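Participant: Sharing a structure with you now.
Values in this text are rule-based calculations from the coordinates and carry no lab data. This is a predicted model, so every value here is computed, not measured. Methodologically, a virtual Cβ is constructed for each residue, glycine included, from the backbone with ideal geometry; neighbour enumeration extends over all protein chains shown.
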Amino acid sequence: MSNDPVRPYNRLIIPGLGPLYGNLSEFAETLLRVVAGLALVTHGFPKIMKVGIFPGPPELWAVLLSLTEFFGGVLIAIGLLTRPAAFAAMFVLLVTVYFHWILMSEGYGGAEKSIIWATVMFYFVIRGANSHSVDARLGKTF
């Protein structure tokens with residue numbers, strides 16, 4: 001038996017599915033990273049357009065948020081500096097959890113999406129990108 005947790009075929013109810021799971025696991029991880037990154041891009045871009053790049057002091061945090069979402073999303077999607085970009089995005093998302101749950105008093109329902117997305121970002125902080133990434137092509141990771 002292999003040390004790979006995806007491949008303990010003797011533990012599957014349908015052992016014949018083991019090779020399928022093993023073969024698709026890296027693709028699934030890549031798909032999750034790309035979709036998560038592009039989702040951040042689509043949330044950050046309208047905010048950049050609304051607030052602008054060079055705001056006054058009151059809008060500074062809004063700009064930092066939108067730039068982190070947009071450029072962090074691009075980096076995550078292509079798998080470049082994946083861990084630091086995912087960490088920055090996770091931090092932003094945890095701030096939105098606090099904002100919706102505590103400040104806006106929306107509770108779990110208002111913070112649910114941010115919790116899910118922060119968890120996805122946490123996964124990439126710990127895991128990094130896989131072989132289908134710019135990090136892998138460079139041969140270095142953070």
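Participant: Compute a Gaussian network model of the chain, connecting alpha carbons closer than 10 Å, and tell me which residue from Ala85, Ala28, Ala36 fluctuates the most.
Facilitator: Looking only at Ala85, Ala28, Ala36, the largest GNM fluctuation is found for Ala28.
Participant: If you don't mind, there's one more thing I want to ask. Want the number for Tyr108 to Leu64: 0.36 nm per residue separation, take away the alpha-carbon distance, what's left? All intermediate terms of the calculation are to be shown ahead of the outcome.
Facilitator: On the way: separation 44, 0.36 × 44 = 15.84 nm, distance 2.49 nm.
Answer, rounded to one decimal: 13.3 nm.
Participant: Quick one: Karplus J couplings for segment 102-117, per residue in order, coefficients 6.51, -1.76, 1.60, θ = phi - 60°, nearest Hz, x for Gly and Pro?
Facilitator: In residue order, the calculated couplings are 8, 5, 8, 6, 8, x, 4, x, x, 9, 4, 4, 5, 5, 4, 5 Hz.
Participant: Give a quick list of chymotrypsin sites (Phe, Trp or Tyr not before Pro) in segment 63-97 that DSSP marks as loop, anything other than H, G, I, E or B, with at most 11 other Cβ atoms within 10 Å.
Facilitator: none
Participant: Could you derive backbone 3J(HN,Hα) for segment 39-44 from the dihedral phi with the Karplus parameters 6.51, -1.76 and 1.60 (θ = phi - 60°), listing whole Hz in sequence and x where the residue is Gly or Pro?
Facilitator: Ordered by residue, 3J(HN,Hα) equals 5, 5, 4, 5, 7, x Hz.
Participant: Please find, in a Gaussian network model of the chain (springs between Cα atoms separated by less than 10 Å), the residue of Pro19, Pro46, Pro84 whose mean-square fluctuation is greatest.
Facilitator: Residue with maximal mean-square fluctuation among Pro19, Pro46, Pro84: Pro19.
Participant: For the chain, just list the percent of Cα-Cα distances falling in each 10 Å bin from zero outward, please.
Facilitator: 12, 32, 30, 17, 6, 2, 0
Participant: As I understand it, the dipole of segment 34-138 uses +1 on the Cβ of Lys and Arg and -1 on the Cβ of Asp and Glu, about the Cα centre. Which of Ile102, Leu81, Trp61 lies farthest toward its positive end?
Facilitator: The one lying farthest along the dipole's positive direction is Leu81.
Participant: Let me ask another. Cut-off 10 angstrom, C-alpha nodes, Gaussian network model of the chain. Which of Gly107, Gly73, Gly18 fluctuates the most?
Facilitator: Gly18
Participant: Another question, if that's okay. Taking amide hydrogens as modeled 1.01 Å from N in the peptide plane, which residues meet the under 5 Å criterion relative to Leu81, leaving out close sequence neighbours?
Facilitator: Asp135
Participant: If you put +1 on each Lys and Arg Cβ and -1 on each Asp and Glu Cβ, how big is the dipole of the chain around its Cα centre, in Debye rounded to 20?
Facilitator: With Lys and Arg at +1 and Asp and Glu at -1, about 240 debye.
Participant: Now, a different point. Determine the calculated [θ] at 222 nm for the chain from helices alone, applying -39500 (n - 2.57) to every DSSP H run no shorter than 4 residues and normalising by the residue count; nearest 500 deg cm²/dmol. Walk me through the intermediate numbers first.
Facilitator: Working: 5 runs with 96 residues, N = 142.
When only DSSP H runs of four or more count, the value is -23000 deg cm²/dmol.
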